[in-house]
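See below for the structure under consideration.
Please treat every number below as a calculation from the coordinates, not as lab data. Since the model is a prediction, treat every value here as computed from it, not as a measurement. Quick reminder, even Gly has a Cβ in these numbers, built from the backbone with ideal geometry, and neighbours come from all protein chains shown.
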Amino acid sequence: MKPCPVPEPQEEARMRAVLLRGLEAWLHEAGLTQTAAAAMLGTTQARVSDIKQGKTRQFSLDLLVRLAARAGLAPRITVGAAPSILPPDPHP
């Protein structure tokens, strides 16, 4: 059995970007001030500004999941085998 590959940094960055875009859309649709949004999310106005500016590197994946949940969003992860670790097809 092959060892599981460690997630590539670009995969984590992609997940952070997806969550950040969802939060950006929520901020836009909610029409809240950054201060009001910060209060709802349990964070600072500066962090809300970072979200609006798309600064994905400023946030860990777990923090973005928590913020999305606080915004009433439903973050989900789908897990599947990566093509590189699938066993060969015995009936090609």
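Give the calculated FRET efficiency between Thr78 and Gln53 to the nearest 0.05, with a Förster radius of 25 Å applied to their Cβ-Cβ distance. Don't jump to the answer; show the numbers that get you there.
Numbers: r = 28 Å, r/R0 = 1.12.
That gives a FRET efficiency of 0.35.
Taking the Cβ of Val65 as the centre, find all other residues whose Cβ is under 11 Å away and add up their charges (Lys, Arg: +1; Asp, Glu: -1). Spell out each step's value before the answer.
Numbers: positive: Arg16, Arg66, Arg70, Arg76; negative: Asp62.
Summing Lys and Arg as +1 and Asp and Glu as -1 gives +3.
Pull out the extension gain between Arg21 and Arg66, defined as 0.36 nm times the separation in residues minus the alpha carbon to alpha carbon distance; nm, one decimal.
Working: separation 45, 0.36 × 45 = 16.20 nm, distance 1.44 nm.
Separation in residues times 0.36 nm, less the Cα-Cα distance, equals 14.8 nm.
Tabulate in residue order the Karplus-calculated ³J(HN,Hα) for the range 36-44, using 6.51 cos²θ - 1.76 cosθ + 1.60 with θ = phi - 60°, rounded to whole Hz; enter x for Gly and Pro.
Going residue by residue, I get 5, 4, 4, 5, 5, 8, x, 9, 9 Hz, with x marking Gly and Pro.
Could you go through the range 61-77 in sequence order and give the Karplus-derived ³J(HN,Hα) for each residue, using 6.51 cos²θ - 1.76 cosθ + 1.60 with θ = phi - 60°, rounded to whole Hz, and x for Gly and Pro?
Per residue, the Karplus-derived 3J(HN,Hα) values read 4, 5, 5, 5, 4, 5, 5, 4, 5, 5, 7, x, 7, 10, x, 9, 10 Hz.
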